[in-house]
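The values are calculated or read from the model by the stated rules, or taken from the named source; none is laboratory data. Quantities reported herein were computed from a predicted structural model and do not represent experimental measurements. With ideal geometry, Cβ positions are generated from the backbone for all residues, glycine too; neighbour counts draw on all protein chains shown.
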Amino acid sequence: MILEPGQASLHHGHLFHASGPNTTDQRRVAAAIRFISTSMRQETGDRTLVTLVSGEDHYGHFTVTGPPRDRLVEEDFELCPRDAAIKRQILYVGAEGKIGKRHAATHGAY
């Protein structure tokens, strides 16, 4: 499927997809949206920030935030660094001091 300027595609996260290089002066934008049940939970780290789009949260596994107040409201953007810090904590837990074989081969051991 070839997209025209201004078009978007929605697809499953496991679908292999690719695009050629961006040869324009405009940046390419991507957004990842994950719909999950509130019964799901993160096993490590703090509760991540989510927006409840349907139903009720009977489990409390996430920190539920409200919907955006409006377009480009500064208070909404203030949540981004907090959420990024929580996700970094979760993604890199236990990674301290461990160097993969490929990294060590190209960069040397620390």
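Suppose the filter is in contact with a strand residue (DSSP E or B) (Cβ under 9 Å, 6 or more places away or on another chain), more than 25 Å from residue 10 (Cα to Cα) and among the hydrophobic types (A, V, I, L, M, F, W, C); does residue 86 pass it? Judged against the criteria, residue 86 is a match.
Polar (S, T, N, Q) and in contact with a helix residue (DSSP H, G or I) (Cβ under 7 Å, 6 or more places away or on another chain): does that describe residue 7? No. Kindly indicate whether residue 23 is in a loop (DSSP other than H, G, I, E, B), touching an Asp or Glu at 6+ places or on another chain (Cβ under 8 Å) and among the hydroxyl-bearing types (Ser, Thr, Tyr). The answer is no for residue 23. Exactly one residue out of 57, 76 is at pLDDT 90 or above and surrounded by 10 or more Cβ atoms within 10 Å (Cβ to Cβ): that is 57.
Filter the stretch 40-66 for residues that are of a type outside the set (Val, Ile, Thr) and within 15 Å of residue 83 (Cα to Cα) and give the result. Correct list: 42, 45, 46, 47, 49, 61, 62, 66. The conditions of being in contact with a helix residue (DSSP H, G or I) (Cβ under 8 Å, 6 or more places away or on another chain) and modelled with pLDDT of 85 or more are met by residue 47. In the stretch 20-42, of all residues being closer than 17 Å to residue 65 by Cα and among the charged types (D, E, K, R), the one that is surrounded by the most Cβ atoms within 10 Å (Cβ to Cβ) corresponds to 41.
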